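The numbers here are math on the coordinates, done by the rules we state, and not lab data. This structure is a prediction, so every number in the text was calculated from the model and none was measured. Reconstructed Cβ throughout: ideal geometry from the backbone, glycine too, with neighbour counts over all protein chains shown.
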Amino acid sequence: MAFSLGNIFKGLSGGAKEGSVLGIDIGASSAKIVQLRASRGVAVLETYGEIALGPYAQQPIGKAVKLSPEKLAEVLRDLMKESNVTASVAGVSIPFSSSLVSVISLPPADNEALKRIIPIEARKYIPVPVSEVSLDWFVIPHEEGSDSAFDQLQEKKPGASNNQEVLLVAIHNATLKNYQTIMENAGLGASFYEIEIFSSMRSALGHGIAPILIVDLGASTTKMYVAERGVIRMTHLLTLGGQHVTETLARSMNWEFDKAERVKRERGFVDSSAYSTDENVRIKEALLSTLSRVFSEVNRVLLSYGQRYNKNVSTVVLTGGGASLPGIAAVAKTSLNAEVSIADPFSHTEAPAFLAKVLSEIGPGFSVSVGLAMRKLKHN
């Protein structure tokens with residue numbers, strides 16, 4: 001069961017809609033949408049789509065941009081039209097960077113007492129007045145690996161065995177207001193909001209108990225988080241992403257950004273007959289110059305987790321748009337001290353066979369939106 005922000009957001013949400021459900025993920029460089037429906041216990045993929053944000057700010061495709069809520073609503077309307085979306089109620093992702101999440105240790109108390117205690121305790125962890133944020137919390141069960149602990153975001157604190165652990169979530173009211181404006185102007189209802197890290201976990205991971213490192217390769221950042229028994233134990237944010245890869249390639253080859261972005265997406269680390277041997281080598285070296293820094297940081301996280309918990313993380317799952325880079329799996333396997341796999345969120349859905357190859361290729365970038373729709377479908 002995913003951690004729900006329903007307590008504080010139910011007043012902001014529309015009612016559940018029978019039938020088709022939407023998952024909406026607004027990233028730094030693109031927005032993605034997935035529509036699913038349930039049929040005989042199976043999640044059927046009805047439609048999906050992605051739209052670049054760059055052109056809405058007079059920037060190239062692939063650029064990370066900041067758009068106003070009104071402009072983002074326009075983006076969603078265009079995306080829904082192009083994707084032939086029919087559902088009107090959605091689950092919406094909130095960027096991990098826009099939230100504050102912490103595990104706090106408190107003396108045992110009932111729910112009524114926690115309602116009084118937690119807002120007071122929250123002041124120790126939140127760098128802004130509590131009145132400026134929306135708070136939610138969740139008591140983490142003591143049972144290791146219980147489903148309810150799925151969304152714990154940080155490692156358990158040592159020495160707190162006699163206390164109860166509470167997952168504290170704070171989201172700035174201004175962030176919520178922006179998302180409300182986006183959804184209202186787009187003509188959509190939000191039945192829930194969920195921090196993207198949890199949506200990605202739902203669609204990218206199985207039900208194993210061994211620790212796994214998820215590496216989310218975004219446009220402007222790379223997020224890393226170790227999950228063990230469904231519980232997040234360690235997180236790390238790196239301010240390097242796909243946009244930096246493209247910029248390095250453009251400088252190296254003396255290309256415009258849009259050409260570098262196109263070449264990166266279409267051929268990645270795979271040699272192309274359109275270029276000489278020397279050019280193919282230079283392209284690969286340019287791509288790897290940024291990705292090697294990312295992989296170096298991934299190895300550092302793997303080492304840090306092993307030292308802290310005396311456990312090895314044997315598997316790395318690559319997700320996010322950057323994980324669709326052609327040839328990245330082979331490069332990652334030679335660069336990382338763990339087994340590597342690419343997230344395949346659409347494998348949880350039923351779709352026409354002729355789409356299988358395409359969905360597998362683009363799937364990593366849709367991990368969040370598929371995860372949102374999966375949760376919405378489950379609770380419809």
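Using DSSP loop states and a limit of at most 11 other Cβ atoms within 10 Å to flag trypsin sites (Lys or Arg not before Pro), what is the longest stretch of the chain containing no flagged site?
125-380
Rounded to the nearest 0.05, what FRET efficiency is calculated for Asn254 and Asp110 with R0 set to 56 Å and r the Cβ-Cβ distance?
On the way: r = 66 Å, r/R0 = 1.18.
So the FRET efficiency works out to roughly 0.25.
So what is the orientation-averaged projected area of the chain, using the convex hull of its C-alpha atoms, in nm²?
So the mean shadow area of the Cα hull is 19.5 nm².
Using only Cα atoms, tell me the angle between helix 69-83 and the longest principal axis of the chain; keep it within 0 to 90° and round to the nearest 10.
For 69-83 against the chain, the angle is about 60 degrees.
Tell me the mean residue ellipticity at 222 nm calculated for the chain from its helices only (DSSP H runs of n ≥ 4, each -39500 (n - 2.57), averaged over every residue, nearest 500).
-11000 deg cm²/dmol
Determine the alpha carbon to alpha carbon distance for each of Lys32/Lys378; Lys284/Lys311; Lys32/Lys264; Lys81/Lys376 and list only those over 26 Å.
Listed pairs above 26 Å: Lys284/Lys311.
Starting from the 7 Å offset along Cα-to-Cβ, what nm value, one decimal, do you get for the label separation of Lys378 and Ala38?
So the two model labels end up 1.2 nm from each other.
Starting from the Cα of Asn163, move 7 Å in the Cα-to-Cβ direction to define the label point; list residues of the stretch 96-110 whose amide nitrogen is under 18 Å from there.
Those under the cut-off are 101-110.
Quick one: if you stick a label point 7 Å off each Cα along the C-beta vector at Asn310 and Ser292, how many nm between them?
It works out to 3.6 nm between the two label points.
Round to the nearest 10 and give me the degree value, 0 to 90, for the angle of helix 173-185's Cα axis relative to the longest principal axis of the chain.
Approximately 60 degrees, to the nearest 10.
Please report the spacing between the Cα centers of the stretch 295-312 and the stretch 335-380 in Å, no decimals.
First find each Cα centre; the distance between them is then 26 Å.
Looking at the stretch 170-215, which GluC sites (Glu not before Pro) are DSSP coil and have at most 12 other C-beta atoms within 10 Å of their C-beta? It would help to have the intermediate numbers written out before the result.
On the way: sites: Glu184, Glu194, Glu196; in loops: none.
Here no loop site has a sparse enough neighbourhood.
For the stretch 219-266, run through the GluC sites (Glu not before Pro) and keep only the ones in DSSP coil with at most 16 other Cβ atoms within 10 Å of their Cβ. Write down the numbers at each step before the final one.
Values: sites: Glu228, Glu247, Glu256, Glu261, Glu266; in loops: Glu256.
Passing both the DSSP loop test and the Cβ count: Glu256.
Would you mind classifying the stretch 288-380 by shape? Square roots of the alpha carbon gyration tensor eigenvalues, ordered a ≥ b ≥ c; an a/c under 1.5 is rounded, otherwise it is prolate if a/b is larger than b/c and oblate if not. Please report the intermediate quantities before stating the final value.
Numbers: a/c = 2.63, a/b = 1.56, b/c = 1.69.
The shape class here is oblate.
How much length would be gained if the chain were fully extended between Thr86 and Arg300, taking 0.36 nm per residue of separation minus their Cα-Cα distance, in nm to one decimal?
Gain on stretching Thr86 to Arg300: 72.6 nm.
Which residue, Ile26, Ile232, Ile117, has the most motion in a Gaussian network model of the chain that connects Cα atoms within less than 10 Å?
Ile117
By how many degrees, 0 to 90 and rounded to 10, does the Cα axis of helix 277-309 deviate from the longest principal axis of the chain?
Tilt of helix 277-309: around 20 degrees.
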